[in-house]
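A quick write-up on the structure given underneath.
We did not get these values from a lab; they are worked out from the coordinates using the rules stated. From a predicted model like this one, the values you see are computed outputs, not experimental measurements. Every residue, glycine among them, receives a Cβ derived from its backbone with ideal geometry; neighbour counts consider all protein chains shown.
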Amino acid sequence: MLKTHFPQSIREGQVNLNAIAALLGKDISNLQGYELTFTGKGLANALYTTSCQKVLKHKETFCYSESALAGEESQNQSHKVQTSKSVVGVEGEFEREEGATSQFKPLRPFIKEDSNNKEVLTFSNLGNATQNTLIIGDNLDALKLLKSAYSEKIKMIYIDPPYNTRNDDFIYPDDFRADYKAILREVGLLEIDEEGNEVESETLQFFRNITGSKSHSGWLSFMLPRLKLARDLLREDGVIFISIDDNEQANLKLLCDEIFGEENYIETFLWNKTQTPPSASNKTRKTHEFILCYQKCKDTQKMIARFSDGGDAPLWNETNSERILKFPKDFVYSNLEDGVYKKGIRDKIELLDNVEVKNGKIINNFRLKGHFRWKQETLNEEISNNVFLVVKSDKFSIRYCRDGERIVMPTNEISKQDNVGTNETASNELLKLFDNKKVFNFNKPVSLIKYLIAMCSNNYLQIASNDIILDFFAGSGTTAQAVMELNAEDKGNRECILAQIDEPIKEEKNKVAYDFCKNELGSENPTISDITIERVKRAAKKINANMCLNVFTLESKPKLISDKKGTLALTTNTNLSALDKAINLALSAGKTLNKPLESIIENKLYKCEDSYFCIECDKGVLETLAKTSDEYIYLDGFADIDLEHFLNFEVQFKERLNIVY
């Protein structure tokens, strides 16, 4: 149990008392043993455990699809769209680009009606469109918000965090945020002087200094809480890839060993980043960067580089006698959609048991009857030797590929031999997308991210994947483009979640990007996320992808504050709409961001699956909920609710009621 949920608590087969003490919040200064220690580690661990004080605010949604465009226009002739320039906002009037057939359209929150003519709050009326998400703000907050709904649901994480080059200050000042004062008090970094005023301890003053100077301690303190949250989000068979240079590679390896467990280390890949290394180096000309790779749980992930010539082979053979084969759960891959498939005759094969498919695998034992080339004994032996078994259609014709025979495992070097580009490739990709304007520096090539995704998401098994890919240092949006391209290639339905801090673009540092955002995108205060959004849109148009991008910003939660006299006051956020509040309640209830919200009573009551979300409470809301029986009810704890109505809520729905603050 400890090893599974807290891998840092076990080291070299022994219980790590230091780690357990740290988990319990105990002082570990007197404990002995091997441990990665650095100034600020206590604060970093506290940042991981503290609750999030932010909420999501929907900013805008964009879709790219021919069918969506036609469907929306037939319903609303007055709602026009454009592709020639970035669309700002969600409700304005826009002109169609002359001659365009597929283009972006901003979607209004209320756009769909169900069979009962009830409005459904959804960001897309596309049944088969990929729902992608961008959260603009501190990724520490974004990860905490995602955890309630996406815990153990992310298949792959790729991040390219800021390298510790010692040139610039971090743009993620975790130790300076006002809402972290309570944490600073708890860990002793804020003290009370003789006059009763809060003052910074010497340790905090030192930590401020090392954070600004890009020390190893400052960088590790920055990464620790984010990597811990990343592990929480990974599926059991999930994988994380982290790009890094040699300044922090060794320290990052130690930190990841602690967070993910040494036994879950897969490889440090060497990516050939350039064909033309600088010749002015004093010692060596660097041609590679590192990509650390860890899995969530040991032996749950098979890494595949590609198929050799010949691919997989059919298990069906007409000349063999008819026989029944038993297949164990979790050994047979499938590109079928998640769901249960009923037993019965399937073309040449008879499915003798119902089959359930989930996340690209058949998750129950099942039997097939047909003319197979293997007997049961042979099948069992092949499975023990890690044969790959694949069902590619609802005909349930099994295909197989032996480990090491046709499957080529990746080497630890990634280069042009793997059809992966370099920094030069990445620069050219963006220049082509942005009309030869250099709007971003140091982005990775799309082919690199595609290679990593395909390596761990069964793409080379030719399985259309429904995986969720997360990148919480989104930058220019390379990961989103890679996901869209893979989906277009294998008809997959991967979702992409991005997080990008609202980092200003400084005119003196990148005037081209600043002017582009100002003049072409109409951004009053240009930020990196402007580039992220525009790249996703331009890449989708280039690929002709069927996708939606939902954009959110972060706002402060309402909170109770106390003055020196002890008087309590509630600060509320008036920027949040009823839709925003419903989205946040749904997220806290474990509903992912692609779930539609049904409007039961406009601006007051919404429903998603088995849950109701109450934004305001009045007689009409109470009467509606009184007619329900089994659904959960979530109430906004900061809502302005009459005391009588609240007490009625408590009495009527006590067993089903959840109050969310």
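Brief remarks on what is shown
- Placed amide H near Val387: partners under 5 Å, 5+ positions off or other chain: Asp403
- Counting every other Cβ atom within 10 Å of each residue's Cβ, Lys343, Lys273 order from fewest to most as Lys343, Lys273.
- With the simple spin-label model, which puts each label point 7 Å out from Cα in the Cβ direction, the Gln417 to Lys395 separation comes to 3.8 nm.
- Computed 3J(HN,Hα) for region 646-661, one whole-Hz value per residue from the Karplus formula 6.51 cos²θ - 1.76 cosθ + 1.60 where θ = phi - 60°, is 5, 5, 4, 4, 4, 6, 6, 10, 3, 6, 10, 8, 10, 9, 10, 10, glycine and proline marked x.
- Residues whose amide H falls under 5 Å from that of Asp502, counting only those 5 or more places apart or on a different chain, are Gly137, Asp138, with hydrogens built in the peptide plane.
- Cleavage-rule hits (GluC sites (Glu not before Pro)) in region 498-556: DSSP loop, at most 10 neighbouring Cβ within 10 angstrom: Glu508, Glu524
- Fewest-first ranking of Ile291, Ile383, using other Cβ atoms within 10 Å as the exposure measure: Ile383, Ile291
- Neighbour-count order for Phe331, Phe649, fewest beta carbons within 10 angstrom listed first: Phe331, Phe649
- Taking amide H as placed 1.01 Å from N in the peptide plane, the amide H of Asn546 sits under 5 Å from none that are at least 5 places away or on another chain.
- Computed extension length for Lys491-Asn658: 56.1 nm, one decimal, from 0.36 nm per residue of separation with the Cα-Cα distance subtracted.
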